[in-house]
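Visitor: I'd like to ask you about the structure that follows.
Readers should treat all values here as calculations from the given coordinates under stated rules, not as data from a laboratory. Just so you know, these numbers come straight off a predicted model, no measurement behind them. Note that each Cβ is placed from the backbone with ideal geometry, even for glycine, and that neighbours are counted across all protein chains shown.
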């Protein structure tokens, strides 16, 4: 079975990295190397994650609603917090800073923002807010949606792909 580039949902794949790295950095707060490593991994992936999220939203969803705006604002706030934390680590020559603002950001603010962004993503993609959010080409949004027909169509499509692969 061939995977076409438009079929890949790159945002959902990439978003797992900072969503996992930031809360894990809380667990490894007292291991300076792992804590710093996780934060820098999160920082390096956050800009592409925000960018692909913006692109995905523009391609798949029909409108900018409050949930999208909230998720975008939370994402930018998390990016700012993680950037400032990584800057503090660089300023202290690779050591985890011990001042109260850093501890507040590392132990509470960054993990809380990360979890909030993740939850908003889950609510937007799965909850769809009772029809207020919809994919622009979402079959489930139509009244004629029938899961058995969709399964049959997918099976036919897979059989055609296998036929083309043999040729």
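Visitor: How far is it, in nm, from the label point at residue 125 to the one at residue 47 when both lie 7 Å from their Cα along the line to the Cβ?
Guide: Each label point lies 7 Å from its Cα, and together they span 2.4 nm.
Visitor: Could you grab the relative contact order for region 13-67? Cα pairs under 8 Å, six or more apart, rounded to a whole percent. Mind dumping the intermediate values first?
Guide: Values: 31 pairs, mean separation 19.3, N = 55.
The normalised contact order for region 13-67 reaches 35 percent.
Visitor: Another question about this same structure. Quote the FRET efficiency, to the nearest 0.05, computed for residue 151 versus residue 16 with a Förster distance R0 of 35 Å and r equal to the Cβ-Cβ distance. Before the final figure, lay out each step's value.
Guide: Working: r = 28 Å, r/R0 = 0.79.
For residue 151 and residue 16, the calculated efficiency is 0.80.
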